[in-house]
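Report on the following structure.
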Amino acid sequence: MTKKKLITIICLLSVFFAVISCKSGAKKNEEAGKTEVIPEDIVEMRDDQIKLANIETGSIEMRSLSGTLKVNGLVAVAPQNFATVCAPMGGFVRSTNLIPGNTVTKGQVLAVIENQEFIDIQQNYLEAKNKLEFAETDYKRHNDLYKNDVYSQQNVQQVTADYKNLKAQVKALTQKLALIGINAAQLNEDNISREVKLIAPFSGYVKTVNVNIGKFVTPSDAMFEIVNTDHLFLELTLFEKDADKVANGQKIHFLINNETEQHEAEIYQTGKTINPDKTYKVYANVTDQCKNIIPGMYVNALIEATSNKVAALPSDAIVSFDDKDYIFVFEKNKVEDGKPFTEYRMIEVQKGVSESGYTEVILPKDFDISKAKVVVKGAYNLLSAKKNAGEMAC
């Protein structure tokens, strides 16, 4: 081998090793400079970090969450439990001992009224009753004679008309006596009275007293107002937008004045029309005994809204960041440099009603509820790892 050939071989080998060396160095530099880019919505954690953060996953549940509506209203009493007591024929007030706030029982005497017309009605009744007894006997006698062809048909018709007129008169006077509180069956010539008693129509308490002894009252004057508080109800005002959230049978908790004790009621009727101010009424029966509740009181109430099956998670599974709500969902397991890692994806949601530690979540349209494994414990630790980028995240 000549010196020239040797030099040529050495040069070629030098070039070959130089190329190999460059390629190897380039590969090492490429591997050294290679870093994994983690998406913004992904959090990576090792197994020991997952255990330290107390992270647990679970499924999204379909639960019945009611939620509540805060409304205002008044305590009211049904018309059949509120009575305005008047004197049907008027008269002078002879006696009464009631003042507002007194309790009364059904049948109790509220006042005694005097009027000359009471005497006239009783007299007319007794006279008509006596005439009717005679007319009835005469009516029967004339009918018997007519059957024997002794009396003419015209005479029988006249007697019959007189009898029926007196019968109607007695019936009418009986009703007038009942109207002023006199029992016609017990009335006779020896117990005619110039006074009648006004009787309480039901038990309750006296709300107002508008009379005094000696005052003349007319049939249109409201002498007393009586309220039966055994069957109170609430008249609540709701906004139009909440119309679909209430229904008959729903429970209500309410407070009166500045009390802390809650009372209960149940909706029995909802409004059928909307008022000009875009509100409507809901009515609820007070179901428990509340001694200190009086009609007209202002109430603050909480209505348990109608329950529907909704997607729900434990409230701690939902975290807030930059005025938005998120959940973390298991993405995948992987291994890097021989170490196992787990990825969790951060997904934006909207919160709905909350109840008993669970909150409704409104999920993205393409979210698969059946397959998703959601972080139900430790979500705030994942959020901290995400925000601190390196404290717990890899």
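Collect the residues in segment 364-376 that are in contact (Cβ under 8 Å) with a residue 60 or more places away in the chain and either of a type in the set (Phe, Trp, Tyr) or assigned to a loop (DSSP other than H, G, I, E, B) (or both), keeping them in residue-number order.
The initial filter retains those residues of segment 364-376 that are in contact (Cβ under 8 Å) with a residue 60 or more places away in the chain, namely 369, 372-376.
Answer for segment 364-376, where residues must be in contact (Cβ under 8 Å) with a residue 60 or more places away in the chain and either of a type in the set (Phe, Trp, Tyr) or assigned to a loop (DSSP other than H, G, I, E, B) (or both): 369, 372, 373.
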| said: When you scan segment 298-305, do you find a residue that is modelled with pLDDT under 90, crowded, with 17+ Cβ neighbours inside 10 Å, part of a helix (DSSP H, G or I) and touching a helix residue (DSSP H, G or I) at 6+ places or on another chain (Cβ under 9 Å), even just one? | reply: no
| Single residue of segment 175-208 satisfying the filter (of a type in the set (Lys, Arg) and under 51 Å from the mean Cα position of the chain (by Cα)) that is nearest to residue 104 (Cα to Cα) | 207
| query | Pairs, please: C-beta under 9 Å, at least 6 apart or cross-chain, first residue loosely packed, with under 13 Cβ neighbours inside 10 Å and in segment 111-137, second modelled with pLDDT of 90 or more? | reply | 116/91; 116/194; 134/166
| note | Taking segment 306-349 and keeping only residues that are modelled with pLDDT of 90 or more and outside any strand (DSSP E or B), one is left with 315, 316, 317, 318
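Any residue in segment 356-374 that is more than 23 Å from residue 54 (Cβ to Cβ), in the same structural domain as residue 50 (by TED's automatic domain parsing), surrounded by 11 or more Cβ atoms within 10 Å (Cβ to Cβ) and of a type outside the set (A, V, I, L, M, F, W, C)? Break it down into steps so the answer makes sense when it comes.
Within segment 356-374, the subset more than 23 Å from residue 54 (Cβ to Cβ) is 360, 362-371.
Next, from what is left, pick out any that are in the same structural domain as residue 50 (by TED's automatic domain parsing): 360, 362-371.
This time we only want the ones that are surrounded by 11 or more Cβ atoms within 10 Å (Cβ to Cβ), so: 360, 362-363, 367, 369.
Next, only the ones that are of a type outside the set (A, V, I, L, M, F, W, C) stay: 360.
Within segment 356-374 (the criterion being more than 23 Å from residue 54 (Cβ to Cβ), in the same structural domain as residue 50 (by TED's automatic domain parsing), surrounded by 11 or more Cβ atoms within 10 Å (Cβ to Cβ) and of a type outside the set (A, V, I, L, M, F, W, C)), the answer is yes, since at least one residue qualifies.
Please note which strands (runs of 3 or more DSSP E) are completely contained in segment 47-104 and include at least 1 residues that are over 25 Å from residue 299 (Cβ atoms) and either outside the structural domain of residue 246 (by TED's automatic domain parsing) or modelled with pLDDT under 95 (or both). Before the answer, list the steps.
Details: elements: 56-58, 61-65, 68-77, 82-85, 91-95.
Per the criteria, 56-58, 61-65, 82-85, 91-95.
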| query | Does residue 363 qualify as being among the aliphatic types (A, V, I, L, M) and under 33 Å from the mean Cα position of the chain (by Cα)? | reply | yes
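Conditions (1) under 30 Å from residue 56 (Cα atoms); (2) among the charged types (D, E, K, R); (3) surrounded by fewer than 16 Cβ atoms within 10 Å (Cβ to Cβ), marked per residue:
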residue	(1), (2), (3)
272	no, yes, yes
277	no, yes, yes
318	yes, no, no
327	yes, no, no
337	yes, yes, yes
340	yes, no, yes
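Residues checked against (1) over 30 Å from residue 283 (Cα atoms); (2) among the hydrophobic types (A, V, I, L, M, F, W, C); (3) surrounded by fewer than 19 Cβ atoms within 10 Å (Cβ to Cβ):
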position: 190; (1), (2), (3): yes, no, yes
position: 201; (1), (2), (3): no, no, yes
position: 211; (1), (2), (3): yes, yes, no
position: 214; (1), (2), (3): yes, no, yes
position: 222; (1), (2), (3): no, yes, yes
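Yes or no, residue by residue, for (1) under 46 Å from the mean Cα position of the chain (by Cα); (2) small (Gly, Ala, Ser):
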{"position": "327", "(1), (2)": "yes, no"}
{"position": "330", "(1), (2)": "yes, no"}
{"position": "334", "(1), (2)": "no, no"}
{"position": "337", "(1), (2)": "no, no"}
{"position": "342", "(1), (2)": "no, no"}
{"position": "353", "(1), (2)": "yes, no"}
{"position": "358", "(1), (2)": "yes, no"}
{"position": "367", "(1), (2)": "yes, no"}
{"position": "370", "(1), (2)": "yes, yes"}
| task | Return the pairs, sorted by first residue and then second, in which the second residue is assigned to a helix (DSSP H, G or I), the first residue lies in segment 221-236 and is over 12 Å from residue 293 (Cβ atoms), the beta carbons are less than 6 Å apart, and the residues are 6+ apart or on different chains. | result | 228/81
| query | Here is a list of conditions, (1) outside the structural domain of residue 269 (by TED's automatic domain parsing); (2) of a type in the set (A, V, I, L, M, F, W, C); (3) modelled with pLDDT under 95; (4) closer than 30 Å to residue 290 by Cα, and residue 187 meets all of them except one; can you say which number that is? | reply | (4)
| note | The residue from 285, 292, 248 that alone is of a type in the set (S, T, N, Q), loosely packed, with under 14 Cβ neighbours inside 10 Å and either within 30 Å of residue 363 (Cβ to Cβ) or in contact (Cβ under 8 Å) with a residue 24 or more places away in the chain (or both) is 292
| query | Do you know which residues across segment 174-219 are in contact (Cβ under 8 Å) with a residue 60 or more places away in the chain, more than 12 Å from residue 85 (Cβ to Cβ) and not in a loop (DSSP other than H, G, I, E, B)? | reply | 179, 195, 196, 205, 216
| field | Matching residues, segment 245-271, being part of a loop (DSSP other than H, G, I, E, B) and more than 15 Å from the chain's Cα centre (by Cα) | value | 257, 258, 259, 260, 261
| Conditions (1) hydroxyl-bearing (Ser, Thr, Tyr); (2) over 30 Å from residue 294 (Cα atoms); (3) not assigned by TED's automatic domain parsing to the domain that holds residue 184; number of the one not met by residue 137 | (3)
| query | When you look at residue 348, is it in the same structural domain as residue 60 (by TED's automatic domain parsing), under 18 Å from residue 377 (Cβ atoms), surrounded by 12 or more Cβ atoms within 10 Å (Cβ to Cβ) and not aliphatic (A, V, I, L, M), yes or no? | reply | no
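The values are calculated or read from the model by the stated rules, or taken from the named source; none is laboratory data. Given the structure is predicted, the values throughout are model-derived calculations rather than measurements. For neighbour counting, all protein chains shown are included, and Cβ atoms are generated from backbone atoms with ideal geometry for every residue, glycine included.
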